[in-house]
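Visitor: Got a structure here, written out as C-alpha cells. Questions coming.
Just so it is clear, none of the values below were taken in a lab; they were calculated from the coordinates. Please read all numbers here as calculations on a predicted model, not as lab measurements. Backbone-built Cβ (ideal geometry, glycine too); neighbour counts: all protein chains shown.
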Amino acid sequence: MRAIKFILCGLLLWSLAVGLRAQCPDFMDLNSENVRCYYGMTYNPMLDTGVVAGRHTLITQQGTDFRTNHELPLLPAGETAVIRLGNDLSGAEAESIVYTFTVDPDNSILLIKYAVVLENPNHESPAQPRFIIRMLDENNELLDPCMEYDVTSSDNLPGFQSFGSIQWRPWTNNGFDLSTYAGETVKLQLITYDCSWGAHFGYAYFTASCISNRLSLDSCDGNQVTLSAPAGFESYNWSNGATTETTTFTVQGNSTVNCAISTVTGCLFTLSAIITSQNIPGEDLVLYDTICEGEPYQNNGFDLPPVDHPGINVFHNTYVNLSNCSDDITATLYLYAKQRYFHIYDMACEGNNYDDNGFHFTNLTVGEIVDTNYVTIANDCDSITVLHLTVNSSFTLDNVINGPTEVCSNTSGNYYLANPLGLTSYFWNVPDGVEIVYGQGTSVVQLFFSQTAPNPSHISLTGANGCGNASTPLDVTVHPSYMNIVHDTVCSGETYSQYGFDLGVLNEAGNFVHTRTESSAYGCENVDILLLFVSETPPVSVLADPQELCLGETTELHAAGSQSSVTLLSQLPKVWVGDILCTDNSFVHPQDWPCGKTAMGIVFYVDSTGEHGWAVNLQDEPGTYSWAGNSSPLDDPSLTYYNYGRFALENMDGLTNTFVIRQYGNSEDYPAAYAVDFDQGWYLPAAGQAYHLYAELPRVNISLQLAGGTPFPMNSSWVYWTSTIGSIIKVWVLDNQHGLYSSVMNHPYLVRSVRSF
C-alpha cells in the first residue's frame, strides 16, 4: 500500500469542485434543464422530446389507483409528490424521463421508490407492457449490470400482485450506491411501454432522493452502540450477524463494524463505522490512498471488499466515541484504484473462428466465453485483459413470412410468422419507401407502403444478433395509387377546365372539393382532388374617374352586363380565413393582433355570407388517442360508412358525427371523441373539414403562431383523427405525408378539435 503524496493537492481541489457543483436534482421538476422527457411508440420511446400531459404527470394529491382495485396508494408513505410515467390508455405508446446530475460524495446513495402497473395480455415477451429503471454514464452506458430494473408483464411476477389481467407491484424501495462515481456525471433513466400490438397498457409511479452513504448512530450508553443503515434496501448483513436495518453492538476498546447492503437488483455495497473509547479527532478526517483495481482495502479503519471501479473512489467511516457517545466525526477516504482489468466485449457466430484482441478460438459453439490474458508489470499493478465473448446461434427461418403479397401504395399491411422461432428479438428488413409502423423487434410487424415503395418490395427477417441469413425475402407487389391535391381559385360565372377537371360554369361562390378517381386493374385508386375556391365576381366592372372623391363630390358608377347591379359595401366581409377567434366570440384580423383579447381558435373556412364557418383549436389535445378502444362498429343511421376517399371528403358534419359517437360509450370506448371539449362546442372534424383545414395551413399557421398556439409542423410527419368512418373497423385520418387514408380504430393518433361559428 502506498500513499499518493503527489496527487493530494489535486484531490483536494477535486473534492472542493465536487462540493460546489454536485447537487441532487429535484426529481419532481420535469421542466428543469437537467431533466429531459421523451415520448414515442414502443419501437422508440424517445421519438419526440417534451412533457406530454397524461404521459408525464406530477401527482400531489393522495388517492388510489383504480386499475389495482384501489389497493395501490398514489403516494407512498412519507412522500408528498410522485411522477406517473405513462397512463392506462392503450395505443402502443412508450415514454421516458432522463435525469442528468453529478454525484455528491456526501449523498451518494440514490434511493428510488416506485410502483408498477402492467396489463398482461399474454403476448410474446417482446410485445408485452414493460417498465425499466437504469443508471447510465455520460455515454448512456449502463454503470453496472445490477443498476437496472427491467420487468415485463407476465403471470406470477416476483413482488407483484394481481387484479384480473392487471399485474401490479406495490411501492418498493430500490437504491443505487453511487459513491464510486462521486464527482462524475450520471443519468437516471426510466421507461414505460404499452403492449406493442396497441391494445394494452403499462405505466409506473416513482419518486427519488439522494441520501447519505453513512451508518448513523441511534443510541449509545457507554458499551452498547445502536447503529442504523440507510432504509429501504433489500437485505442487510451486519458484522455481528444481524439482518435488520438497525442493530446493537456491545464493544470494548476499539472496533470496526460494517454492514453489507444489497438492493432489489442485486447490487452490493458495504458501509463501516469505527467504535472507539479513545479520543477521536476534533474535526473530520480526509484520507488518501491507492490500490490496484480488484483488491480489498483494510487500512485507516476501513474494511472494504474488492474495489472494482478504477479511478477515484470515495468512502466514509462514522466515528463513534464511547466516552461521550458522539458521532460528529466522519473519515472520508479518497481511494485511487489503478486500472488493471481491461474488459473487451465482443460477439461471434456459431461455427466460426475467433482470432482477435490476442485471443484465439476455433469452431465456436453457442454460449458465453470469458477468458483472460495476463501481463505482469514489476512493482506495479498487473495488466489483465478480460474477453467476454458471446457466441450467437445462426438464424434460419424455417417457416414463411405471412402477409399480403399484393398491395396498393399508400396502404398498410400486417406481416408475421405463423410459428415464431425461439428468438427473443427479430429484425425486419424493408426497403426505402416502406415504413415500419410498429412491431420492429417482434414477430409481427405493420408496414406502410408509400408511393415511392419499390416494386417488388423485398421484406425479410433476420435475428437481432446478426448471425446467419433469413430465408428468401417475401416479394410484395406494390400497385401504384396516388392522391394528388390541387389548390386553385376561380371567379363565379366562369368555366373551369384545369388539371383534368371540366366543371362548366360555376355560379355559386364558396369553397368546393372536387374529386376524380380512376381504378387500376388491381383496384387501387388514383385520386385527383381539387380544392377550389370560387370567388364571387364583383358586380361593378367599371368605375368612372376620379376613383378617389372628396366629401360632397359626385361621380358616376358603371356596372357591366344586363343583369348586373351596383352594391356599395359600407365595410369588408366580417370574417376572413386566418382571423383569430377570441373567447368573447369576436374575431380579430392577424394584423390587428395583439388587441387585449384572449384567443381560442383560428378561422380556416368561411362561407359565402362571410359570417359563418369553422375554426381550429390553438393546440392539439394532450397526448395521442385511439379512436375506439374495442374497435366496435357504430350502426347509427346518421353515421355513414365512407369506403372511398372521394366520398369521405364529402362528409362535412363533424359536429353530428362526434355527438353520435359519444352516445355509444365512454372515454374508454371512444377516447378520441371524448378528448375534445364537446360541451364547449369543440368536436372532431369530419374528413371534408380536415381537408379544408389542410388546404389553409400556411395562413392558419401564421395566425397560430401570432396567437400563441401550436402551428402544424410542415416538415415532420403527423396523423390526425377525423370523425368520418371508413368501415366496420377503420376511420379516415389526415396525414401530412400521405394525405387522407383509412386506419384501424385502435392506432394512437393526434386530435385537433374544431368548432363552428
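Visitor: Evaluate the charge dipole of region 216-338 about its Cα centre and quote only its size in Debye, nearest 20, assuming +1 on the Cβ of each Lys and Arg and -1 on the Cβ of each Asp and Glu.
Guide: On the way: 1 positive and 13 negative charges, 30 e Å.
Around 140 debye, computed over region 216-338.
Visitor: Let me ask something additional. Under the 0.36 nm per residue contour assumption, what length would be gained going from the current alpha-carbon distance of THR270 and HIS589 to full extension?
Guide: Taking THR270 through HIS589 to full extension adds about 107.9 nm, to one decimal.
Visitor: Report the label-to-label distance for SER165 and ASP607 in nanometres (one decimal), using points 7 Å from each Cα along the Cα→Cβ vector.
Guide: 4.5 nm
Visitor: Moving on to the next point. By how many degrees, 0 to 90 and rounded to 10, does the Cα axis of helix 697-706 deviate from the longest principal axis of the chain?
Guide: Computed tilt is about 60 degrees.
Visitor: Same structure, new question: Quickly rank 117-129, 33-45, 81-93 as a protection proxy: mean count of other C-beta atoms within 10 Å, highest first.
Guide: In descending order of packing, they fall as 81-93, 117-129, 33-45.
Visitor: Can you tell which of SER255, ILE191, LEU532 lies farthest toward the positive end of the dipole of the chain, using +1 and -1 charges on the Cβ of basic and acidic side chains (Lys, Arg; Asp, Glu)?
Guide: Of the candidates, SER255 comes out farthest on the positive side.
Visitor: Would you mind computing, in nm to one decimal, how far apart the modelled labels at ASN414 and ILE436 are, each placed 7 Å from Cα along Cα→Cβ?
Guide: Label at ASN414, label at ILE436, 1.8 nm between them.
Visitor: Once both labels are modelled 7 Å past Cα along the beta-carbon direction, what's the ILE729-GLN62 spacing in nm?
Guide: 4.7 nm
Visitor: Just want to confirm a number: the relative contact order over the chain, from Cα pairs under 8 angstrom separated by 6+ residues, in percent.
Guide: The value is 8 percent.
Visitor: Also, I was wondering about something else. When DSSP assigns beta bridges and you keep just the ones with both residues in region 341-392, what percent turn out antiparallel, to the nearest 5?
Guide: Percent antiparallel among DSSP bridges in region 341-392 is about 55.
Visitor: Taking the Cα centre of region 5-211 as the origin, how large is its charge dipole in debye, to the nearest 20, when only Lys and Arg (+1) and Asp and Glu (-1) carry charge on their Cβ atoms?
Guide: 200 debye
Visitor: Do you know the relative contact order of region 580-756, to the nearest whole percent, from alpha carbon pairs under 8 angstrom that are 6+ apart?
Guide: 30 percent
Visitor: Among TRP197, TRP614, which comes first, then next, by fewest other beta-carbon atoms within 10 Å?
Guide: Values: TRP197 20, TRP614 24.
So the ranking, lowest neighbour count to highest, is TRP197, TRP614.
Visitor: Is there a quick way to get the dipole size of region 580-756? I mean about its Cα centre, with the Cβ of Lys and Arg at +1 and of Asp and Glu at -1; what is the value in debye to the nearest 20?
Guide: Here region 580-756 has a charge dipole of around 340 debye.
Visitor: Can you bin region 216-338 into rounded, prolate or oblate? Criterion: square roots of the alpha carbon gyration tensor eigenvalues sorted a ≥ b ≥ c, rounded for a/c under 1.5, prolate for a/b above b/c, oblate for the rest.
Guide: oblate
Visitor: Over the Cα atoms of the chain, compute the convex hull volume and normalise it per residue, giving Å³.
Guide: Expressed per residue, the convex hull around the Cα atoms of the chain is 248 Å³.
Visitor: Within straight cross-link reach of LYS574, meaning Cα distance under 19 Å, which lysines are found once same-chain residues fewer than 8 apart are removed?
Guide: The reachable lysines, counting only those whose Cα sits under 19 Å from LYS574, are LYS597.
Visitor: Determine, for LEU649, LEU74, the number of other Cβ atoms within 10 Å of each Cβ, and report the residues in order from fewest to most.
Guide: Listed from fewest to most nearby Cβ atoms, that is LEU74, LEU649.
Visitor: Oh, and also: What FRET efficiency, computed as 1/(1 + (r/R0)^6) with R0 = 51 Å and r the Cβ-Cβ distance, is obtained for SER497 and PHE427, rounded to the nearest 0.05?
Guide: E(calc), rounded to 0.05, equals 0.45.
Visitor: Rounded to the nearest 0.05, what FRET efficiency is calculated for GLU33 and GLU141 with R0 set to 25 Å and r the Cβ-Cβ distance? Mind showing how you got there, number by number?
Guide: Working: r = 23 Å, r/R0 = 0.91.
With a Förster radius of 25 Å, E is 0.65.
Visitor: Pairing the Cα long axis of helix 8-21 with the longest principal axis of the chain, what angle in degrees results, from 0 to 90 and rounded to the nearest 10?
Guide: Approximately 40 degrees, to the nearest ten.
Visitor: Taking R0 as 25 Å, what's the FRET efficiency between SER717 and THR517 from their Cβ-Cβ distance, rounded to 0.05?
Guide: It comes to 0.50.
Visitor: List the residues of region 672-710 whose backbone N lies under 17 Å from a point placed 7 Å from the Cα of ASN736 along the Cα-to-Cβ direction.
Guide: Once the point is set 7 Å along Cα→Cβ of ASN736, 690-710 turn out to lie under 17 Å by backbone N, inside region 672-710.
Visitor: If you don't mind, another one. Quick one: length gained pulling ASN44 to ASP679 fully straight, 0.36 nm per residue minus the C-alpha distance?
Guide: Length difference between fully extended and current span is 225.0 nm.
Visitor: Between ASP380 and GLU124, what length in nm is gained on full extension when 0.36 nm per residue of separation is reduced by their alpha carbon distance?
Guide: 87.0 nm
Visitor: Among DSSP beta bridges lying fully in the chain, give the percent that are antiparallel, nearest 5.
Guide: Restricted to the chain, the bridges split so that about 80 percent are antiparallel.
Visitor: Report the relative contact order of region 216-338, percent, no decimals, based on alpha-carbon pairs under 8 angstrom and at least 6 residues apart.
Guide: It rounds to 23 percent for region 216-338.
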